[in-house]
Amino acid sequence: MRDKGVFAHHAHVGPEWLMPRGTIDRLLQLLDACGIGRAVCFAPFPHQWGEHEGNPNRWLADELKSRPNLVGFGTIRPDEKTARQQVREVVELGFKGVKLHPQSQDFEILSPAGLAMYESAQEAGLFVTFHSGVHAHRMKGMGVLDFDEVAHRFPRLRFSLEHVGGYHFFNEALAVLFNNTPPPWKPGENRLYAGLASIFTQHQNRFWYLSPQQLMELIAQVGVDQMIFGLDFPFNQERETMIAMETIRTKLGLSEQDQQKVLGGNLSRVLGV
């Protein structure tokens, strides 16, 4: 039975020909099995879609029309000249944000193409979800600390650092998050979020694993209001998802109210859904 209060971020989905283990029907099975009420789905990246007929964003928008418990995020090509037009199409499809993956999409974080995408997303009020951490790609131009520069150049952009830098760059991600957390003497809006996806298990994606002690340090320095639970579906399945939720509920010393924030309340607030 689904807990309607649990709202999970970060599900990669696609048609069966592209992602046999990542279809929307398979995601819905996982949500039912794990008791999750709603989830954010990412459209396939344009480079994954290739020359296949249709458009990945339009495909996702059509698929979600009959699935009100799923919220869509679009994807765009890292192209300086067409960034604004692509973002406009994402907004017209009713999506709440975009997923950007510098390594997989092969663009440097502070490149002209990247800056054009962030500016367009800021103007449109979209939430941006970034991959952060290693991903079998050259590290030049992909440094986690570069996200601090993104935050400072685009002061109204809201975004998450998924995997919180992972095992290798957790401290850098924590530095970026803390540096952009409004201090007590200067209250303001939280714009940066720690995306808790693929960080809970050592048997799966060990290179992004964060210990409960690291997560408690994240809570102590940044606070639960900036933490968002994510699935990283289909790379994580039911077993990994249940471990993640159990960790949040029993191993981090969180009150029931704070658990609810991490398991959906923060995501619902930042997306306005």
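The values are calculated or read from the model by the stated rules, or taken from the named source; none is laboratory data. Everything quoted here is computed from the prediction, not taken from an experiment. Methodologically, a virtual Cβ is constructed for each residue, glycine included, from the backbone with ideal geometry; neighbour enumeration extends over all protein chains shown.
Among the residues here, residue 252 qualifies as of a type in the set (A, V, I, L, M), part of a loop (DSSP other than H, G, I, E, B) and closer than 23 Å to residue 5 by Cβ. Note on region 182-237: among residues that are in a helix (DSSP H, G or I) and of a type in the set (Val, Ile, Thr), the one that is surrounded by the fewest Cβ atoms within 10 Å (Cβ to Cβ) is 219.
The residues listed here are 120, 111, 132; of these, the one that is of a type in the set (Ser, Thr, Tyr), within 23 Å of residue 273 (Cβ to Cβ) and in contact with a helix residue (DSSP H, G or I) (Cβ under 9 Å, 6 or more places away or on another chain) is 120.
Residue-wise test of (1) under 24 Å from residue 135 (Cβ atoms); (2) crowded, with 23+ Cβ neighbours inside 10 Å; (3) touching a Leu at 6+ places or on another chain (Cβ under 6 Å); (4) aliphatic (A, V, I, L, M).
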site	(1), (2), (3), (4)
76	yes, yes, no, yes
80	yes, no, no, no
98	yes, yes, yes, yes
110	yes, no, no, yes
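Just a yes or no: is a residue in region 252-259 under 19 Å from the mean Cα position of the chain (by Cα) and surrounded by 21 or more Cβ atoms within 10 Å (Cβ to Cβ)? No: region 252-259 contains no residue that is under 19 Å from the mean Cα position of the chain (by Cα) and surrounded by 21 or more Cβ atoms within 10 Å (Cβ to Cβ).
Scanning region 121-141 for residues that are surrounded by fewer than 21 Cβ atoms within 10 Å (Cβ to Cβ), part of a loop (DSSP other than H, G, I, E, B) and not β-branched (Val, Ile, Thr) yields a count of 8. Within region 29-51, is there a residue that is of a type in the set (Asp, Glu) and either in contact with an Asp or Glu (Cβ under 6 Å, 6 or more places away or on another chain) or at pLDDT 95 or above (or both)? Checked region 29-51: at least one residue is of a type in the set (Asp, Glu) and either in contact with an Asp or Glu (Cβ under 6 Å, 6 or more places away or on another chain) or at pLDDT 95 or above (or both).
Return yes or no: is residue 5 in contact with a Leu (Cβ under 8 Å, 6 or more places away or on another chain), surrounded by fewer than 16 Cβ atoms within 10 Å (Cβ to Cβ) and farther than 22 Å from residue 234 by Cβ? Criteria met by residue 5. Taking the residues in region 53-106 that are in a loop (DSSP other than H, G, I, E, B) and of a type in the set (Val, Ile, Thr) as candidates, determine which candidate is farthest from residue 159 (Cα to Cα). By that ranking, first place goes to 82.
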